[in-house]
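Colleague: The structure that follows is given in the form of C-alpha cells.
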Amino acid sequence: LMNALIRDSTIMYSPQNRRYTWDQSALSIIHTKDNIAKVIASNISSLSEEYQRILWILSSFGVTTDLPLLQVLELYQPGILSSIDFLVERGILDQAAGLVIFAHDLIQEHIYESISLAQRQTLHLSIGIFLGQVYNDIESSTIDHVTSGIGNLRLRNKTFFAGRSLTSSLISLACDQINAVESDAISDQSLRKEAAGWNLSAGDKSAHQSDFRCAHFYYMKGIQFLNGDSSDMVDLRLSLALHRGASSACFLLGDGNQAVQYADNIKRHVSLRESLEVEQIALKALVLQGQCNECISRGLDLLRRLDFDLPSTPNQQGIVNAVTSAKRLAAKFSREKIVSLCERTIDASAHSIVTILNSFLLAAYALPSPYLPLIACEIVKYSLKNNGFCPEAMISLTIYAIFEIYVNDDYATAKYWVDIVRDVVYKQRNQDFKAQMLALITVDIFFVPSKDLSPRLLKVKDDAMRLGQVDTAMIALHQALRFRVFGGEKLSFIAQSAEAQVKLMSKHSTFCAKYARLEIILLGELMGKNNELSHDYLQSEVNSSSEARYLHQVHFYSFLVAFWKGDYLSAEQSSHATLQFPTARMPYIIPIYHQFYGALTAFHLYRMLGGDERFAEGVEMMQNVSTWAKVSADSMKVFGNKYYLLQAEYAASINDYKQARQKFEASIKVAQDCGNVHEMALALERMGEHYFSCGCGTDANDCYKSAHEFYVQWGATAIANKLSVKHNLDINASSSQVFCDTNKGKRLLE
C-alpha cells in the first residue's frame, strides 16, 4: 500500500527534512480499507497481460489459494509462482502460513468481474479440465513428479471442499471450476460424461468424509451433465452411481422425499435386480419421514416381484406358524454352527435381497405390521438354508427373538438369540447398529434395568451417527430419552437435554420427533410445566392420527398423565383404550409400564368404587408383572419393587393388612437397594394411602412426607406439591423412617 501511495506521489520522502511528507487532502479521501482496495484495483489494468492473466486465474478460486495448489497450477500457467512476490509488493496479494490471499476481497471481486462472461466460462472450464486430468493422472500414478511437494494440500476457503488429501481436494476443485460453467454451455458429449465422472468422484470423497451436503451437490451436478433427470442416460453405470449417491446423500441429510425421487428415477431405467441397492435407501427414507404405510406397500410390491410368497392378509395363526417353522429349522443348528454361518460371505444377489428385507422390517416394526414376524422368519430360514447370514440379517434374528416372547412367552430362547447376535456383532465388528439397538429396547428390558439401558442406547446413537446411520441414531436417541424418564433419572437433568434432542430428531426424523414429544409432555406433567397444553395436545393427536402404533402410545401417555394427576377414572378410560391395540402385547417398555400402572389404577378404583371387573383386571396385570419378575435371577432387579408393590395393592384390596404392609415394605426396600427413587416415592405414597384407609393417620402422614421428599429428589415437583396440598403436609417437619415402623401402625395392621 505504501509503495502504491509513493508511486502516486501521495506520499513523498523529503531529503531535506529526512522524513516522509504527504498530501493531506489526498489522504483524507483514502480513509478506509475499501477505498484503498479500490485504488489498488484501479491500477491493475496497468500491469502486463501475463500478470493480469495470473490474477484472473487466482480470482477464479476466490480470495484464498494454497501455495501447494499454485505448484499444480504452475503446470497450467508457467510463471505463476515467480509472480507472487511482485504482486505482494504491489499490494495486490498477501502471503501467510502457506496461503496466498488477495489483500482485500474488493480487489478479488474487481479482478473477477473485469473478466467477460465468455472469458470467465472459458477460464473456469480450462482450469477444471486441467485439474481433472491431473487428478486422473495422480489416481493412475502416472505423474509422481507433480505430486512431489504438494501432498499436504489444504483448502481453507469455505467456498471449496477442504479434503484430507491432494486428490480429494484436486477433484473437488476441478469440479468447482467446471460446475461454474452452465452444463448446457458444454456441447461435447465426451466432456460432459467426463465432467459427470469427476463429480461422482468428488461426491464419493465428500460422502466418505461425512460432508453429505457437499456430496449431494456434486452428485446433482453430475446428473445434470448427463442430461438432467436421466431421461436420456448417456452412460447407464455412471448415471446409476450418481443417482444412488444422490439418493443416499439426501437420505443422510434428512430429505427423504428427494431420496425417494432419485430412487424412482433409477427404477424407470434399470432391471429389478439392478435397482435393489437404491430401493433399500428409498424404503429407509420413507421410514425416516414416518411414511411407514407407504414403505410397507412399496416393500410388499418389491418382495412379490422377487418371488416371495407373502399372504395378502396375514393373521395370528400365520404368525404362529412362521415362528414355529423358523424355530424348528433353527433347532437343527448348534450355536457354534449358527455363529459360523454368520461369518460366511453370501453372494451379492442374496445380500441385496436381505438388505431390502432389512429396510422393510423397520417400517413393519414401527407400525407395527403383521408382516414383521413373517419377513423376519423368512430371512432366518433363507439364511439357514443358504448357509450364510449377512450382517444385515442380524436384525431379523433379533426380531425373531422378540416373537419368541410374543408367541411362546419363551424369554430364555429370546435371550439365546440376542446373545448370538451380540457374539456375531463383536466378532465381525459389525457396524450396523439396528440389531443392537432393537435388542436393547425389547429383549434386554426383561433382564436389565431401564436406567442401565439408556446409556447403552446413547452409545448406539453416537456410534450410528458417526457412521451416517441417521435413522438408527434417531431411534436410539428417542428410546434413550424414554428409558431415562422411566428409569428414574433426575427429571431436571433429562429436561435440560430433551428439547435439544427433540430438535435434532426434528431435523433428521420427524417420525422420532413426533414420538419424543410424548415424553416431553410427561416431563412437563411431572415437573409442573405446560399442564393445560398436555391434555389438549394429546386429545388432538387422538382425533387426527390414524397410525396404530402412535395412537397406542398417545393413549398410554394420556393414561399416565391422568394417573399422575390423580384422575383415576380418566386414567382407567385411557388404559382401556390402550389395550385395544395389537402393540399392547408386544415386548417393549410401554406395555410393561402400562401393566404396572394399569394394575395400580384398577386396584385403587376397586377399593374406592368397587367392581369385580376392576379387581380381575388388576389381578391379570399383576400376574404379568409377576411372570416378568421371575424370568431370571436378574429380573428381580428390574421388576422386584413393582412385583411387591402390586402384591401389596392386591393384599390391601382383599383386606389382608399384615400382608399388605409387608409387601409395601419389601417394594420400598428393593427400590431403595436398586436406587429407584421415583418408585420409592410411589410405593411410599401408596403405602400412605393404605395406612390412611385403615385409620393410621400418623403413619400415613409419615409415608406422605417421605414420598414428598423422594418426589422432590426425583424432580417431580408437581407431584410433590399435589401430595402436599392434598394431605396438608408440614414438609418442614422431620419425617419418620421410610418403613413407617411406629408400633401403633404395626399393631393396627396386624
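Colleague: Taking all protein chains as present, what is the carbon and sulfur share of the accessible area of segment 598-717, in % to the nearest whole number, probe 1.4 Å?
Modeller: Carbon and sulfur atoms account for 49 percent of the accessible area of segment 598-717.
Colleague: Using the Cα centre as the reference, give the magnitude of the dipole from point charges on the C-beta atoms of segment 466-584 (Lys, Arg: +1; Asp, Glu: -1; all else neutral), rounded to the nearest 20 debye.
Modeller: Taking the Cα centre of segment 466-584 as origin, the dipole is about 480 debye.
Colleague: Mind grabbing the base-10 log of I(q)/I(0) for segment 534-596 at q = 0.15 Å⁻¹? Debye formula, identical points on the C-alpha positions, no solvent, two decimal places.
Modeller: -0.40
Colleague: Under 5 Å between amide H atoms, partner at least 5 residues away or on a different chain: which partners does Ser545 have, H built in plane at 1.01 Å?
Modeller: none
Colleague: In addition: Counting only heavy atoms of protein chains, what accessible area per residue, in Å², does segment 83-143 have with a probe of 1.4 Å?
Modeller: 46 Å²
Colleague: Additional query: Average the reciprocal distances over every distinct pair of alpha-carbons in segment 532-685, invert the result, and give the Kirkwood radius in Å.
Modeller: 16.0 Å
Colleague: Could you give the size of the charge dipole of segment 302-424 about its Cα centre, using +1 on the Cβ of each K and R and -1 on the Cβ of each D and E, expressed in debye and rounded to the nearest 20?
Modeller: With only Lys, Arg, Asp and Glu charged at Cβ, the dipole is about 200 debye.
Colleague: Give me a comma-separated list of calculated 3J(HN,Hα) values for segment 566-577, in order, Karplus coefficients 6.51, -1.76, 1.60 applied at θ = phi - 60°, integers in Hz, x for any Gly or Pro.
Modeller: Taking θ as phi minus 60°, the curve returns x, 8, 6, 5, 5, 4, 4, 4, 5, 4, 5, 5 Hz for segment 566-577.
Colleague: My understanding is that a pair violates if its Cα-Cα distance is over 30 Å; which of Lys205/Lys461; Lys327/Lys507; Lys284/Lys637; Lys637/Lys658; Lys284/Lys381; Lys434/Lys669 do that in this structure?
Modeller: Lys327/Lys507; Lys284/Lys637; Lys434/Lys669
Colleague: What does the C-alpha gyration tensor say about the overall shape of segment 318-435? Classify as rounded when a/c is under 1.5, otherwise prolate if a/b is larger than b/c, or oblate.
Modeller: Here segment 318-435 falls in the rounded category.
Colleague: If R0 is 56 Å, what FRET efficiency do you get for Asp188 and Lys337 from their C-beta distance, rounded to 0.05?
Modeller: 0.45
Colleague: Putting +1 on Lys and Arg Cβ atoms and -1 on Asp and Glu Cβ atoms, find which of Thr442, Ser454, Val424 reaches farthest to the positive end of the dipole of segment 408-485.
Modeller: Working it through, the farthest residue towards the positive pole turns out to be Ser454.
Colleague: Roughly to the nearest percent, how much of the accessible area of segment 412-544 is carbon and sulfur, given a 1.4 Å probe?
Modeller: The value for segment 412-544 is 53 percent carbon and sulfur by accessible area.
Colleague: Need one number for segment 234-285: average projected area of the convex hull over its C-alpha atoms, nm².
Modeller: 3.0 nm²
Colleague: Enter the per residue convex hull volume of segment 476-614, computed from alpha-carbon coordinates, in Å³ rounded to the nearest integer.
Modeller: 114 Å³
Colleague: Could I ask something else about it? Roughly to the nearest percent, how much of the accessible area of segment 337-407 is carbon and sulfur, given a 1.4 Å probe?
Modeller: 49 percent
Colleague: Along its principal axes, what span do the Cα atoms of segment 598-676 show, with the longest given first and each in whole Å?
Modeller: So the three principal-axis extents are 36, 23, 17 Å.
Colleague: Follow-up question, since we're still on this one. Assuming 1.002 mPa s and 20 °C, estimate D for segment 628-724 with Stokes-Einstein, Rh taken as the Kirkwood radius over Cα pairs, in µm²/s.
Modeller: Taking Rh from Cα pairs, D becomes 160 µm²/s.
Colleague: Please calculate how many Å² of accessible area segment 405-562 carries per residue, with a 1.4 Å probe and no DNA, RNA or ligand atoms counted.
Modeller: Dividing the accessible area of segment 405-562 by its residue count gives 38 Å².
Colleague: With viscosity set to 1.002 mPa s at 20 °C, what whole-number translational diffusion coefficient in µm²/s follows for segment 623-664 from Stokes-Einstein and a Kirkwood radius over Cα pairs?
Modeller: Here the translational diffusion coefficient equals 208 µm²/s.
Colleague: Which whole-number value in Å² is the accessible area per residue of segment 312-398, probe 1.4 Å?
Modeller: Per-residue accessible area for segment 312-398 comes out at 38 Å².
Colleague: In Å and on Cα atoms, what radius of gyration and Dmax does segment 403-485 show?
Modeller: 12.8, 37
Colleague: On to the next question. Which one, Ser506, Trp564, Val542, is farthest towards the positive end of the dipole of segment 440-578 when Lys and Arg carry +1 and Asp and Glu -1 on their Cβ?
Modeller: Among Ser506, Trp564, Val542, the one farthest towards the positive end of the dipole of segment 440-578 is Ser506.
The values are calculated or read from the model by the stated rules, or taken from the named source; none is laboratory data. Since we're looking at a predicted model, the values are computed, not measured. Glycine also receives a Cβ, built like all others from the backbone with ideal geometry; neighbour counts cover every protein chain displayed. Only protein heavy atoms, including side chains, enter the accessible area calculation; ligands, DNA and RNA are left aside. Shrake-Rupley method; radii C 1.70, N 1.55, O 1.52, S 1.80 Å.
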